[in-house]
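K.L.:
Have a look at this one.
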There are 2 protein chains.
Amino acid sequence: MKYEGRVTLPTQKNFLKETKELIKRWGADAVRDSDGTELDKSILELDSKIYRKYFVARGHNDFIKNHPEEMQQLYLMSKYHTATSTSLTIKVMEGYYEEQLKPDFIHDPKKWWEVIDRTTGEVVNVDKWSVDEEDKTVTIEETAPFHEYTVSFLAYMTWDPTHMYNHITNDWGDEPYDIPFDVRQPNSQEYMKDYLRKWLKENPETDVVRFTTFFYHFTLVFNDLGKEKFVDWFGYGTSVSVAALEAFEKEKGYALRPEDLVDQGYYNTAFRVPTEAYLDYIDFIQQFVTQQAKELVDIVHEAGKEAMMFLGDNWIGTEPYGKYFENIGMDAVVGSVGDGVTSRMISDIPHIKYSEGRFLPYFFPDTFHEDNNPVVEANERWLGARRANMRKPLDRIGYGGYLDLAYDFPEFVDYTEKVTNEFRDIISHIDESKPWSKLKVAIINPWGKLRSWQNFMVAHALWYKQIYSYQGILESLSGMPVEVEFLSFDDLKEDGIADDISVLINAGDAGTAFSGGDHWKDPELVSVIREWVYNGGGFIGIGEPSAVQHQGKYFQLSDILGVDKELGFSLSTNKYFEDLTEDHFINQNRTEFDFGESVHNIYSTNEDTTILEYSNNEIHLATSTYGEGRSVYIAGLPYSIENTRLLLKSMIYAAGKEDEYHIWHSTNPNCEINVYPETNYYGIINNSMKAQKTEIFDGDGNSKVYHLEPSELLWERIK
Amino acid sequence: MKYEGRVTLPTQKNFLKETKELIKRWGADAVRDSDGTELDKSILELDSKIYRKYFVARGHNDFIKNHPEEMQQLYLMSKYHTATSTSLTIKVMEGYYEEQLKPDFIHDPKKWWEVIDRTTGEVVNVDKWSVDEEDKTVTIEETAPFHEYTVSFLAYMTWDPTHMYNHITNDWGDEPYDIPFDVRQPNSQEYMKDYLRKWLKENPETDVVRFTTFFYHFTLVFNDLGKEKFVDWFGYGTSVSVAALEAFEKEKGYALRPEDLVDQGYYNTAFRVPTEAYLDYIDFIQQFVTQQAKELVDIVHEAGKEAMMFLGDNWIGTEPYGKYFENIGMDAVVGSVGDGVTSRMISDIPHIKYSEGRFLPYFFPDTFHEDNNPVVEANERWLGARRANMRKPLDRIGYGGYLDLAYDFPEFVDYTEKVTNEFRDIISHIDESKPWSKLKVAIINPWGKLRSWQNFMVAHALWYKQIYSYQGILESLSGMPVEVEFLSFDDLKEDGIADDISVLINAGDAGTAFSGGDHWKDPELVSVIREWVYNGGGFIGIGEPSAVQHQGKYFQLSDILGVDKELGFSLSTNKYFEDLTEDHFINQNRTEFDFGESVHNIYSTNEDTTILEYSNNEIHLATSTYGEGRSVYIAGLPYSIENTRLLLKSMIYAAGKEDEYHIWHSTNPNCEINVYPETNYYGIINNSMKAQKTEIFDGDGNSKVYHLEPSELLWERIK
């Protein structure tokens, strides 16, 4: 792919002249339609590549209305209800949106539903309850007074959640609801292929079929007020059906219980330590989905067009870091990019020809109005995404929304011209070569590769109090001169830890999948890590690493970390080690730290732990040694320029590479340097919106002072 | 007992004249000796009651040196050691003080010791390890590489911990170490009684034998530098012996493992949810200790003297709220009083003739020096203790240290004269009657009555970051016009919840005994509470009440509380309820709160929860309804005048008694009122060191404004 173009614009009717102007100024080479908009004929004049959205399993109500039994399904759990006597009636739909969901009474509830005593955790015998289809209730007899009960029930999803969201948000009135259908069912299966073939014939001008997306929407369930009730961007909820459950049993040799999917109402979010059954289910659905998607992509290819997938909406089973994604033969993936992590999440996707990041802000009136300067947000987001692009650039960028809105902000048009040029400039300097790295780091948890760059994510990268102190780790890493891998605990146990890895990071709140939960009771897991660190590896724990109460310890790797968390059980043990070590490599010249929400009650387990920050009677930063290896503990790492430097230094130190710290180094943390030995360039970026002065060290220890303009990117030849 | 006297002074040699003066000014009627000091003959001139300290199981080295096999024992756990190959040698004494402890090689280690793989939790077969008595090591063969191992070993305690502490602190040089002996052994058993009889004969002038204390010291173990390593004021460590373990097996029908006592190195502190085995052990020791103590007290009584017990040091098994304490027939208990809780801990003791609180500060140079005014501390502590004495007065107070030091501070002598008079004044107005209470509250946890007023206590009421936010609950209650009970979970299950109880409080960090840990998975426990609240009871949860992850909930009583804690598992569930209710009965006129360390990530589980404080994206104060009952959630309650009022209002509201709030009420929270219907008095106290104005409502709704001097106590007739 050449270094020009690489930009996709949304189109707009009756805006041809201005569109041409923007295409020229921003160097765009493709146009696209959007959800709810259609391309008009004029675009053929533009000499641009044409993307068209394509819905596989919704937007075909004429079809699905004739086959209502092929609607998509999911498991839902009722509210908790307390029995105040020996009988209890539960309205299963209470709290759910009747226009989105309806209980499945077609398949025998006694076989497919489950009533659970949530006080004991026991399943209530099917003889003890009955269903009233009219009232949508379950009545349980012989209940234990003051126990709580729930009903897990199979439901049909009668409205696609994205269509529903757009419908409600944009007030689409009486436009009919898109009913999602399940391509595992026979008629749907046949229909989806026939329709695609027909559509391809009817849309010859389309160059790229943009699947939005395939079959099963991430779990998004609305409450009785039509507001979001449960949203899990990774949720497999809607891939369930009686047919799927029966096929699962045949393939895996055992049947799933409703509880395997309902999961106490947590529905196996990515924060739950995945059970074996759930991992089996993911595997089962991924195999099916990728095989089905491949058939559609093959049809697109036969028509001489490219297939692009939107990373989101009905993407379940197609996760690009999953082990069957490659089989689809997808040409491209497009997704939304708001910062470094979301950029890397797209640009690192393997097995595709090109990636495209849709940049924020969208050209919508919430940002493009006269009291606001959209350049501010655009600049901020580009600074985040640019760091990531210096490491692994996207192949293309794109924009969304109404072009005329953007056109009315000349400063924004200018700025976007600068960004698109800078983006192409980065690609031309990197030229598909590999940037030089200081070391390789692996993030370890039960998910591993599957959730690459997606750790700690709720919905699609929203801010949550409980996660920002961990999201900073990945955001920092997304633009850092280090190689990043995502390894699962199974990877570690099965393959050991590869020689080229210098540092392992385990981070997260206790009990969550990102920390690891009960896996830390696994002797094989802790032993493989201990041995590796003992022989010289580096281990960084952030938040509550390796945390599970077991055999007198909370952090199971407290022996490596040199710290543990006081839960109250060991208050009687005197804790003498509180002395701070100043001017250590990690905390040099720094006394102020931001650990975000932080973790509390961390103490040093022995006198050999080096405490680097101690306040409010607890440790927030420490380092220790273990055999030949080293560890660093950090209580939390929200994203900031200072914390990016803190994490870099922590990794360098854990890897025992302090001597190499000044190789290709910027003394001012606001500036970063990336080096491309194959193309003989290095690039210095100013990540701040202020002018900065920094001393840059090259690979031979020579240094030079640079002055950078606000947000500047500056290229130099290595020699 | 009359309302004069009631004060005990320490004595000092060559200080007779001044002692007489102080006795007169402070109204003292008793004198005592101290650890390390002896009474001199001149005290006989004083016409005071004479207390003499008495050590039962230490201070008799001539005896124990002839019977070294009767030294006291305890179980210790070695440090954690990691096997880096298939063999591992552990120095069991590493980190322990060799002058205090030595491993017991007399009893077969293969029978009495335990080697544990702490990575798997499995006991290592005795064939796989051997003991080297010379090196004090255990060598384990066939270890799993990178597993951690510990050795639990039986040791002799060769130095009484209190004697050791005083010896080291006061630099007693070559004074021989007091060796504690075990009265369960035959020679010690005989010796302790013979010696007491002899001593009583030799000390005819003694009126009160002050046992300091009986047989087994609370667990206090020193590290290799001679500094405290582990201190548990409630610890049963030193009551262990081979004889005790064998007797236990005979009595209870099963043998204890070392791990039952070592408890992963936590040694069953009061913060650990007690196991059945440990509760059995406590019961077993208490039976033995109380029966032995009774024999000594009987001897004292036969000699025509009183028996007083010091609450501390070798007090294990004699806990005054334990079920066998009554059998001892003790006349009095004396203990240290620094605040309201420690005052109530002593004054509430049942089955004795009188209690005595030793007030702080001690007359030691650390407080009594020219740069310090000891009145400040004395005043502060008296304000705390006075609140408690208004509810349930001590029978006597006393002082400790060097009288001449106090004498040199005339302002302190004046102040103490005021305090001793005020103390007697309180007693005279209460005259053993029961103060009027607004309601009755019960603190519930697995310990119940046994740890009355001792919840959340580490060592002897020291400040710890992890506990002050809970200690405030008891400190507030200690002087509040409410009745306080301590109920165990077993009490609730066996006896239900008595009609006269209005409010239950469950408070503490998750997993600790004070919260309750796994007990909250017990259907019987949660059901009995739910039913009671449903029928109109009040429930207050502070910190992490009813917390254990189970069946989709963290707070098992979240249905009652209306709030739960987000651990990360339910981030995908939208949480809409953040609206604050101002001007509620509980938070009226108040926006600033101090929740101490606080608990984080608390959210409202439903729209019916009334949120009273919301900040930093989390709830810290809320109330909810459950059937006819009500709940209040508080994120933490360090002691303060404001938090005392917050807790009072929370209880009143939970009990549904808002209408009665103004009965006997002080509008200014700095002032409290206590009412004694039987004696026809009420007392108003100013708990602050500033003058206060307050409106006082009487029992009929009439009010009157009072102006109180700093710290003033003011008495009025009810009519």
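K.L.:
Tally Lys and Arg at +1 and Asp and Glu at -1 over the other residues with C-beta under 11 Å from the C-beta of B:Phe218: what net charge comes out?
P.N.:
-3
K.L.:
While we're on this one: In segment B:140-169, which residues become less accessible by 50 Å² or more once every protein chain is in place, relative to the chain on its own, using a 1.4 Å probe?
P.N.:
With the partner chains in place, segment B:140-169 has these residues losing at least 50 Å²: B:Phe146, B:Glu148.
K.L.:
Check each residue of segment A:446-484 and keep those whose accessible area, probe 1.4 Å, is at least 50 Å² smaller with all protein chains in place than in the chain alone; give them in order of residue number.
P.N.:
In segment A:446-484, residues shielded by partner chains: A:Lys465, A:Gln466.
K.L.:
Tally Lys and Arg at +1 and Asp and Glu at -1 over the other residues with C-beta under 12 Å from the C-beta of A:Phe325: what net charge comes out? Before the final figure, lay out the partial values.
P.N.:
On the way: positive: A:Lys294, A:Lys323, A:Lys449; negative: A:Glu319, A:Glu326.
Summing Lys and Arg as +1 and Asp and Glu as -1 gives +1.
K.L.:
With each label point set 7 Å from Cα along the Cα-Cβ vector, what nm distance links A:Thr89 and B:Asp414?
P.N.:
It is 7.8 nm.
K.L.:
Give the separation of the Cα centroids, segment A:137-183 to segment A:42-70, in Å.
P.N.:
If you average the Cα positions of each part, the centres end up 25 Å apart.
K.L.:
Once ligands and nucleic acids are excluded and a 1.4 Å probe is used, how much of A:His550 is accessible, expressed in Å² to the nearest 10?
P.N.:
About 30 Å², rounded to the nearest 10.
K.L.:
Same structure, new question: Please identify every one of the chymotrypsin sites (Phe, Trp or Tyr not before Pro) in segment A:544-612 that sits in a loop by DSSP and has no more than 16 other beta carbons within 10 Å of its own beta carbon. Walk me through the intermediate numbers first.
P.N.:
Details: sites: A:Tyr554, A:Phe555, A:Phe569, A:Tyr576, A:Phe577, A:Phe585, A:Phe593, A:Phe595, A:Tyr603; in loops: A:Phe569, A:Tyr576, A:Phe577, A:Phe585, A:Phe593, A:Phe595.
Qualifying residues, ordered by number: A:Tyr576, A:Phe585.
K.L.:
Share of segment B:328-413's accessible area from carbon and sulfur, percent, 1.4 Å? Working shown, then result.
P.N.:
Numbers: 1330 of 2740 Å².
Heavy-atom surface of segment B:328-413 belonging to carbon and sulfur, 1.4 Å probe: 49 percent.
K.L.:
Still on this structure, please answer the following. What's the extension gain from A:Asn574 to A:Glu45 if we count 0.36 nm per residue and subtract their Cα-Cα distance? Could the numbers behind the result be given before it?
P.N.:
Details: separation 529, 0.36 × 529 = 190.44 nm, distance 7.89 nm.
Contour length minus Cα-Cα distance gives 182.5 nm.
K.L.:
Same structure again: Using 0.36 nm per residue, how much length does the chain from A:Ala691 to A:Leu16 gain when fully extended, once their Cα-Cα distance is taken away?
P.N.:
Values: separation 675, 0.36 × 675 = 243.00 nm, distance 3.91 nm.
Working it through step by step, the gained length comes to 239.1 nm.
K.L.:
With every atom except the alpha carbons ignored, what do you get for Rg and Dmax of chain A, in angstroms?
P.N.:
According to the Cα coordinates of chain A, Rg and Dmax are 27.2, 84 Å.
K.L.:
Another one. Compute the accessible area per residue over chain B, keeping the other protein chains in place, probe 1.4 Å, unit Å². Intermediate results must be reported in sequence, preceding the final value.
P.N.:
Working: 26530 Å² over 719 residues.
Computed with neighbouring chains in place, this is 37 Å² per residue.
K.L.:
So which aspartates and glutamates pass the test for B:Lys693, namely a Cα distance under 15 Å, with those fewer than 8 places away in the same chain ruled out?
P.N.:
Answer for B:Lys693, where 15 Å is the Cα cut-off: B:Glu672, B:Glu709, B:Glu712, listed by chain and number.
K.L.:
Here is a further query. What are the semi-axes of the equivalent ellipsoid of segment B:450-586, taken as the square roots of 5 times the eigenvalues of the Cα gyration tensor, listed largest first and rounded to whole Å?
P.N.:
Semi-axis lengths for segment B:450-586 are 24, 19, 18 Å.
K.L.:
Then there's this: When DSSP beta bridges are limited to those with both residues in segment A:439-587, what percentage is antiparallel, rounded to the nearest 5?
P.N.:
Of all bridge pairs located within segment A:439-587, approximately 10 percent are antiparallel.
K.L.:
Provide the solvent-accessible area of B:Tyr362, counting protein heavy atoms only and rolling a 1.4 Å probe, rounded to the nearest 10 Å².
P.N.:
60 Å²
K.L.:
Still on this structure: Please list, in chain and number order, the residues 5+ apart from A:Phe539 or on another chain whose amide H is under 5 Å from its amide H, with Hs placed from the backbone.
P.N.:
A:Leu504, A:Arg630, A:Ser631, A:Val632
K.L.:
To the nearest 10 square angstrom, what accessible area does A:Tyr639 show with a 1.4 Å probe?
P.N.:
Accessible surface of A:Tyr639 is approximately 90 Å².
K.L.:
Would you mind getting me the FRET efficiency between A:Glu607 and B:Asn616? Use the beta-carbon distance for r and R0 = 41 Å, nearest 0.05. Intermediate values should be presented prior to the final figure.
P.N.:
Numbers: r = 35 Å, r/R0 = 0.86.
Efficiency, rounded to the nearest 0.05: 0.70.
K.L.:
Also, I was wondering about something else. Antiparallel as a % of all DSSP beta bridges within chain B, to the nearest 5?
P.N.:
Numbers: 69 of 120 bridges.
Bridges in chain B are about 60 percent antiparallel.
K.L.:
Can you give the percent of C-alpha pairs in segment B:484-548 whose distance is more than 18 Å? Please report the intermediate quantities before stating the final value.
P.N.:
Numbers: 614 of 2080 pairs.
When all Cα pairs of segment B:484-548 are counted, 30 percent exceed 18 Å.
K.L.:
Just the number, please: carbon plus sulfur as a percent of the accessible area of segment B:242-318, 1.4 Å probe, no ligands or DNA/RNA counted.
P.N.:
Values: 1210 of 2550 Å².
About 47 percent, which is the carbon plus sulfur part of the accessible surface.
K.L.:
Restricting the count to DSSP beta bridges whose residues both fall in the protein assembly as shown, what percent are antiparallel, rounded to a multiple of 5?
P.N.:
Details: 139 of 241 bridges.
Bridges in the protein assembly as shown that DSSP calls antiparallel: roughly 60 percent.
K.L.:
So how strong a dipole does segment B:147-235 carry about its Cα centre when Lys and Arg Cβ are +1 and Asp and Glu Cβ are -1, to the nearest 20 debye?
P.N.:
340 debye
K.L.:
Out of the GluC sites (Glu not before Pro) in segment A:1-87, which ones are loop residues according to DSSP with at most 15 other C-beta atoms within 10 Å? Walk me through the numbers on the way to the answer.
P.N.:
Details: sites: A:Glu4, A:Glu18, A:Glu21, A:Glu38, A:Glu45, A:Glu69, A:Glu70; in loops: A:Glu4, A:Glu38.
Of the GluC sites (Glu not before Pro), the ones in loops of segment A:1-87 whose Cβ has at most 15 other Cβ atoms within 10 Å are A:Glu4, A:Glu38.
K.L.:
A further question on this structure: I'd like the GluC sites (Glu not before Pro) in segment B:315-372 restricted to DSSP loop residues with at most 10 other Cβ atoms within 10 Å, sorted by number. Kindly include the intermediate steps, with their values, before the conclusion.
P.N.:
Values: sites: B:Glu326, B:Glu356, B:Glu370; in loops: B:Glu370.
Sparse-neighbourhood loop GluC sites (Glu not before Pro): B:Glu370.
K.L.:
Counting protein heavy atoms only and a 1.4 angstrom probe, how many square angstrom of accessible surface do chains B and A bury in total, to the nearest 100? Each step should come with its number before you reach the end.
P.N.:
Details: alone 29240 and 29240 Å², together 53070 Å².
Chains B and A together bury roughly 5400 Å² of accessible area.
K.L.:
Okay, moving on. Would you be so kind as to list the residues of segment B:94-122 that have their accessible area lowered by at least 10 Å² in the full protein complex compared with their chain by itself (1.4 Å probe)?
P.N.:
B:Arg118, B:Thr119, B:Thr120, B:Gly121
K.L.:
I need two numbers for the protein assembly as shown: Rg to one decimal and Dmax as a whole number, Cα atoms only, in Å.
P.N.:
My reading of the Cα-based Rg and Dmax gives 36.7, 120 Å.
K.L.:
Roughly speaking, to the nearest percent, how much of segment A:495-624's 1.4 Å accessible area is carbon and sulfur?
P.N.:
Numbers: 1770 of 4460 Å².
With neighbouring chains kept in place, the figure for segment A:495-624 is 40 percent.
The values are calculated or read from the model by the stated rules, or taken from the named source; none is laboratory data. If you're wondering where the values come from, they're calculated on a predicted model, not measured in any experiment. Heads up, the Cβs are rebuilt from the backbone with ideal geometry, glycines too, and the neighbour counts pull from every protein chain shown. The area values use the complete protein model at the heavy-atom level, side chains included, leaving out ligands, DNA and RNA. Shrake-Rupley method; radii C 1.70, N 1.55, O 1.52, S 1.80 Å.
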